[in-house]
Amino acid sequence: MEQTVLTVKEAAAIMRISTSSMYQLIRENKAPHISIGKRRVIPAAPFYAWLNASVQGG
């Protein structure tokens, strides 16, 4: 079964950045996320679409 949401830690690992850097992207509304109270989750499909759309050059 495919994951529909990722944790911030999982999304950071996919991008090979620190968890704090991922939280910074979320705070700046630069990365797709859903807020559930104080918890943040990353919807998988929009995350991968955002990641692919962010590619520059090449």
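The values are calculated or read from the model by the stated rules, or taken from the named source; none is laboratory data. The structure presented is a predicted model; accordingly, all values stated were derived computationally and were not measured. As a convention, Cβ positions derive from the backbone with ideal geometry for all residues, glycine included, and neighbour counts pool all protein chains shown. Heads up: the accessible areas ignore ligands, DNA and RNA and are worked out on the full protein's heavy atoms, side chains in. Shrake-Rupley method; radii C 1.70, N 1.55, O 1.52, S 1.80 Å.
Give the range 14-23 a look and list any residue that's within 16 Å of Leu51 (Cβ to Cβ) and more than 10 Å from the chain's Cα centre (by Cα), or say none. Those that are within 16 Å of Leu51 (Cβ to Cβ) and more than 10 Å from the chain's Cα centre (by Cα): Arg16, Ile17, Ser21.
From the list Ile26, Ile17, the one residue that fits, being part of a helix (DSSP H, G or I), open to solvent by less than 70 Å² (accessible area, probe 1.4 Å) and at pLDDT 95 or above, is Ile26.
Just the residues that are more than 13 Å from Glu10 (Cβ to Cβ) and either open to solvent by less than 80 Å² (accessible area, probe 1.4 Å) or part of a helix (DSSP H, G or I) (or both), please, taken from the range 29-46.
First pass over the range 29-46, keeping only residues more than 13 Å from Glu10 (Cβ to Cβ): 29-30, 32, 34-39, 45-46.
Within the range 29-46, Pro32, Ile34, Ser35, Gly37, Ala45, Pro46 meet the criteria.
Of the residues Ala53, Ala49, the single one that is over 9 Å from the mean Cα position of the chain (by Cα), exposed (fewer than 13 other Cβ atoms within 10 Å of the Cβ) and closer than 20 Å to Gln3 by Cα is Ala49.
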